[in-house]
Amino acid sequence: MKSSRQSRVDTIFVLIIFCVFAISMLMVLMLGASIYKNMTEISRDGYDERTAMSYFWTKIKNSDEAGMIYLHDYEGSPALCFAEVYGDTTYVTMIYKYGDSIYEMFTEVGYELEPEVGTPVLGVSDLEFSQLEGGLIRISAGGKSVMVSPRGDAPFPPATVREEGGD
């Protein structure tokens with residue numbers, strides 16, 4: 001009888017140890033998954049910020065001619081514009097925020113389309129352009145900012161909106 005009682009105590013003790021081990025493993029796995037999720041979000045946010053700044057830096061370096069970079073009010077918020085002349089026609093590439101994304105639109109100067117027509121480039125939570133003293137333009141995206149000093153004054157601010165199909 002003592003042996004049977006000892007056997008039950010040993011079995012209960014082993015089950016208790018197994019349950020403690022299983023609960024400990026589950027808690028470690030849950031903690032690890034939480035840490036992994038947080039690190040992934042931090043990494044993704046940092047990637048978006050770096051990519052946005054790299055995108056602007058590249059666009060500016062490729063388009064920085066005297067008077068060809070300027071800000072323009074597009075749909076009630078500033079858009080960064082890059083003017084380009086092809087033959088006798090001046091075109092503009094506008095970069096603006098629409099929804100939660102950076103959009104880019106290439107069109108003839110003075111001919112504006114609806115913002116959703118543009119091409120989404122990158123998702124961002126915030127994007128701001130501001131004109132500072134001395135012609136500097138501040139670009140802020142994802143908590144990071146860069147200052148741009150375009151060469152000269154912009155000779156090509158989009159004039160009036162041209163109606164489609166009008167004569």
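The values are calculated or read from the model by the stated rules, or taken from the named source; none is laboratory data. Quick caveat, the model's predicted, so the values are computed rather than measured. Methodologically, a virtual Cβ is constructed for each residue, glycine included, from the backbone with ideal geometry; neighbour enumeration extends over all protein chains shown. For the accessible areas, the whole protein counts, side chains as well, though only heavy atoms, and no ligand, DNA or RNA atoms are used. Shrake-Rupley method; radii C 1.70, N 1.55, O 1.52, S 1.80 Å.
Extension gain for residue 89-residue 44 works out to 12.2 nm (0.36 nm per residue, less the C-alpha to C-alpha distance). Taking the Cα atoms of the range 1-57, the ratio Rg/Rh between the radius of gyration and the Kirkwood radius comes to 1.60.
Backbone geometry of the range 98-113 corresponds, through the Karplus equation with coefficients 6.51, -1.76 and 1.60 at θ = phi - 60°, to 3J(HN,Hα) couplings of 9, x, 10, 9, 8, 10, 10, 9, 10, 7, 6, 4, x, 10, 9, 10 Hz, x marking Gly and Pro. The H on the amide N of residue 109, modeled in the peptide plane, is under 5 Å from the matching H of 90, 91, 92, each at least 5 residues off or on a different chain. Listed peptides 51-58, 133-140 appear in the order 51-58, 133-140 once ranked by packing, highest mean of other Cβ atoms within 10 Å at the front.
Taking all protein chains into account, the per residue accessible area for the range 24-147 stands at 59 Å² (1.4 Å probe). Positive-end ranking of 106, 28, 136 along the dipole of the chain, with charges on Cβ about the Cα centre, is headed by 28. Whole-Hz Karplus values for the range 71-87 come out as 9, 9, 6, 10, 6, x, 9, x, 10, 7, 10, 10, 8, 9, 10, 10, x Hz, taken residue by residue from phi with 6.51 cos²θ - 1.76 cosθ + 1.60 and θ = phi - 60°; glycine and proline positions read x.
Note on the chain: dipole from Cβ charges, positive end direction compared against 17, 119, 146; the farthest Cα belongs to 17. For the chain, the longest principal axis of the C-alpha atoms and the axis of helix 2-63 are separated by about 10°.
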